[in-house]
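For reference, the structure is listed below as structure tokens.
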Amino acid sequence: MKVLVIGSGGREHALAWKLAQSPKVQKVYVAPGNGGTALDQRLHNVAITDPQALADFAEAEKIGVTVVGPEAPLAAGVVDLFRNRGLRIFGPTRAAAQLESSKAFAKDFMRRHKIPTAAYETFTDAQAAHAYVDRIGAPIVVKADGLAAGKGVVVAMTLAEAHEAVDWMLLDNKLGVQHNDGGARVVIEEFLQGEEASFIVLCDGKNVLALATSQDHKRLLDADQGPNTGGMGAYSPAPVVTPNVHGRAMQEIILPTIAGMARDGIPYTGFLYAGLMIDASGQPKTLEFNCRMGDPETQPIMMRLKSDLLDVMLAATDGTLDKVELQWDRRVALGVVMAAHGYPLDPRKGDVITGLPAEQPDAVVFHAGTASEGGQTRSSGGRVLCVTALGDSVRTAQQRAYQVLQGIHFDGMQFRGDIGFRALKR
């Protein structure tokens, strides 16, 4: 069977890498792919991003199943388009993808269906937003309503930071947010205390299958300092998601969300990512929904998945996820992101990357913002690589990832030196 993966990041490299391992897969196309998928003999880059052209390609090449990686094509309705042409695709429809593409839609949905989340208000008027910030006080969270490549959230620890974030999002749009209908909006919500975890499941419209738990590191610098990013590293499993927390997340958040979407006439299919805040008593609340796998969580999760991902995708698009049981490597997987100079606000592109190692059984370098040019691999985005390794413990996976990372170089590279620190503290 031929498979198509839509996207160009580290998440898509990891999904394509895993799909290529299936004995049933004849060819994996990645559209448009990156410098890493270009280097992998098992993968074939296709320079297409337009949804209509992607559907034409899938039809012409007789693609058996298409897997959508990033949020932008989902918000643009690529799933609706493919389905209307009778093409098998895994992902949510444009209407269902509003859970990610509109923070306001998601928060209103959670309030309506009594899904635990932070108290909030939504604003289009900067003056009203500033007045609300002054009334509630800091710390407080300001979120852009729209797609912002994981950078549209400011956790403001001071009033000055909160006011600056409101102006950024409502007046300046320095984050490059893709606004929804009605223009710029912000959701301002209470600051939740606790530990974050990524809870990702697959949905086929009625059945839900949980993936291995993971934890992302959003801040740019060690010890969770610096600005929020799309993610500077991740590991799986996440010890904070105890069996009790897992059960509560499924019963109080995931299953009511799937049931609520169906009740609202928007059945949910695809990956669903709930960003959770887990308090000291083990109560999870929903920080946000994403309508796709997380990046960089996908890289460690795919390293641990022993099941054939093609079989899982076929069951997910057939509506038979209830018949699937996933097998996992018992080891810990940990990924460290290497980011470009100037990331997250102004990443530099074009730096030559040297020292990229061959794939090893316990370590893979997944590419994100890279491009192949004249026999060289160069940086082409904010997050450039994710060095991912397996180990018998968090400590050994961490040591292995940083050992591999030491041999890689590009000018201005940034990476955290403490990925996995929360698990080690436990």
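Residues being surrounded by fewer than 24 Cβ atoms within 10 Å (Cβ to Cβ), at negative phi and in a loop (DSSP other than H, G, I, E, B): count how many of those fall in segment 263-274. Final tally of qualifying residues: 3. Assess whether VAL404 counts as being within 18 Å of ALA14 (Cα to Cα) and out of contact with any helix residue (DSSP H, G or I) (no Cβ under 9 Å at 6 or more places or on another chain). Judged against the criteria, VAL404 is a match. State whether one or more residues within segment 204-211 are buried (at least 20 other Cβ atoms within 10 Å of the Cβ) and modelled with pLDDT of 95 or more. Yes - at least one qualifying residue is present in segment 204-211.
Per the conditions (1) in a strand (DSSP E or B); (2) of a type in the set (D, E, K, R); (3) in contact with a Phe, Trp or Tyr (Cβ under 6 Å, 6 or more places away or on another chain), the sole criterion not satisfied by LYS107 is (1). Might you let me know whether segment 159-171 holds any residue that is over 24 Å from ALA76 (Cβ atoms), open to solvent by 50 Å² or more (accessible area, probe 1.4 Å) and either at pLDDT below 85 or outside any helix (DSSP H, G or I) (or both)? Yes: segment 159-171 contains one or more residues that are over 24 Å from ALA76 (Cβ atoms), open to solvent by 50 Å² or more (accessible area, probe 1.4 Å) and either at pLDDT below 85 or outside any helix (DSSP H, G or I) (or both). Among the residues of segment 412-424, are any without any contact (Cβ under 8 Å) to a residue 24 or more places away in the chain and surrounded by fewer than 20 Cβ atoms within 10 Å (Cβ to Cβ)? Among the residues of segment 412-424, not one is without any contact (Cβ under 8 Å) to a residue 24 or more places away in the chain and surrounded by fewer than 20 Cβ atoms within 10 Å (Cβ to Cβ), which makes the answer no. The single condition among (1) outside any strand (DSSP E or B); (2) in contact (Cβ under 8 Å) with a residue 12 or more places away in the chain; (3) surrounded by 14 or more Cβ atoms within 10 Å (Cβ to Cβ) that LYS143 does not meet is (1). Applying the selection to segment 69-95, what residues are in a helix (DSSP H, G or I), charged (D, E, K, R) and farther than 19 Å from ASP145 by Cβ? Result: ASP80, ARG83. Annotation for segment 366-382: at least one member residue is closer than 25 Å to VAL25 by Cα, out of contact with any Lys or Arg (no Cβ under 7 Å at 6 or more places or on another chain), modelled with pLDDT of 95 or more and open to solvent by less than 20 Å² (accessible area, probe 1.4 Å).
Annotation note: of GLY412, GLY381, GLY335, the sole residue that is under 24 Å from the mean Cα position of the chain (by Cα), under 22 Å from HIS217 (Cα atoms) and in a loop (DSSP other than H, G, I, E, B) is GLY381.
Restricting attention to segment 99-129, the residues that are of a type outside the set (Gly, Ala, Ser), modelled with pLDDT under 95 and over 24 Å from GLY194 (Cα atoms) add up to 5. When restricted to residues that are over 17 Å from MET277 (Cβ atoms) and either part of a strand (DSSP E or B) or open to solvent by less than 30 Å² (accessible area, probe 1.4 Å) (or both), segment 114-131 contains 5.
Here is the figure for segment 397-409: residues that are open to solvent by less than 60 Å² (accessible area, probe 1.4 Å) and either among the hydrophobic types (A, V, I, L, M, F, W, C) or part of a helix (DSSP H, G or I) (or both) total 8.
Quick grid of which residues meet (1) assigned to a strand (DSSP E or B); (2) buried (at least 19 other Cβ atoms within 10 Å of the Cβ); (3) of a type outside the set (Val, Ile, Thr):
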residue: GLN215; (1), (2), (3): yes, yes, yes
residue: ASN244; (1), (2), (3): no, no, yes
residue: GLN251; (1), (2), (3): no, no, yes
residue: MET261; (1), (2), (3): no, yes, yes
residue: LEU276; (1), (2), (3): yes, yes, yes
residue: PHE289; (1), (2), (3): yes, yes, yes
residue: MET293; (1), (2), (3): no, yes, yes
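Here PHE271 clears all of (1) farther than 29 Å from ASP362 by Cα; (2) out of contact with any helix residue (DSSP H, G or I) (no Cβ under 7 Å at 6 or more places or on another chain) except the condition numbered (1).
Figure legend. Inter-residue proximity from segment 296-311: first residues hydroxyl-bearing (Ser, Thr, Tyr), second residues surrounded by fewer than 21 Cβ atoms within 10 Å (Cβ to Cβ) and not in a helix (DSSP H, G or I), beta-carbon distance below 9 Å, spacing 6+ or different chains. Indicated pairs: SER307/VAL324; SER307/GLU325; SER307/LEU326; SER307/GLN327; SER307/TRP328.
The values are calculated or read from the model by the stated rules, or taken from the named source; none is laboratory data. Please read all numbers here as calculations on a predicted model, not as lab measurements. When we count neighbours, we look across all protein chains shown, and the Cβ atoms used for this are built from the backbone with ideal geometry, even at glycine. Please note that ligands, DNA and RNA were not included when accessible areas were found on the heavy atoms of the full protein model with its side chains. Shrake-Rupley method; radii C 1.70, N 1.55, O 1.52, S 1.80 Å.
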